[in-house]
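Some notes on the structure that comes next.
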Amino acid sequence: MERITSFQVDHNKIVPGMYVSRIDGDITTFDLRVKKPNAGDYMSHLEMHTTEHMVATFIRNSEIGQNIIYFGPMGCRTGFYLLTRDLPKATVYKILKQILKDIINYSGEVFGASEEECGNYRELDLESAKKICREYLHILENYSGTDADFEYPQ
Ligand SMILES: [Zn+2]
């Protein structure tokens, strides 16, 4: 089997951050890395699942909502993939940061928390998502938002 692109990145060198994983035409796949790979600290299912519901809802309702192709967790529980169409990296970065802040300040029901809308709706907890959003916002605040910021560490 051919080794797929995301396996070709040396995960020993990845630290938490926001990276361009790949570009396919006008689609950019971002690696939103919350946890350092293989370091013993992973998102819990609860944290990852709730963050997925919250970020997906906020980002699809944002000014770049029409350009969002997909947002979802990595199976290894160290981050998320975000696929966007035809957007500057700095714009995605700026709006993502704002969304993290909005989630941290949000009070109310978790979006999509019903049997009709989700495959495991009991496994959702707003505080768990806020914890991850706080952690990831702290990581993103060290970024200047220039293109070089979004390259994987060599
Ligand atoms: Zn769900």
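The values are calculated or read from the model by the stated rules, or taken from the named source; none is laboratory data. Being a predicted model, the structure only gives us computed values, none of them experimental. In this analysis, Cβ positions are derived from the backbone assuming ideal geometry, glycine residues included, and neighbour counts consider all displayed protein chains. What goes into the accessible areas is simple: the full protein's heavy atoms, side chains included, and nothing from ligands, DNA or RNA. Shrake-Rupley method; radii C 1.70, N 1.55, O 1.52, S 1.80 Å.
Tabulated results
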read-out: Accessible surface of the range 14-143 [probe 1.4 Å, protein heavy atoms]: carbon and sulfur percent; value: 46
read-out: ³J(HN,Hα), Karplus 6.51/-1.76/1.60, whole Hz, each residue of the range 49-66, x for Gly, Pro; value: 5, 5, 4, 4, 4, 6, 5, 4, 5, 5, 6, 6, 9, 8, 5, 9, x, 5
read-out: For the chain, the fraction of alpha-carbon pairs in successive 10 Å shells from zero, as %; value: 11, 42, 37, 11, 0
read-out: Accessible surface, per residue, of the range 5-88 when the full set of protein chains is kept, probe 1.4 Å, Å²; value: 47
read-out: Selection from Thr5, Gly72, Phe150, by position along the positive dipole direction of the chain (Cβ); value: Phe150
read-out: Rounded accessible area per residue of the range 92-149, 1.4 Å, Å²; value: 58
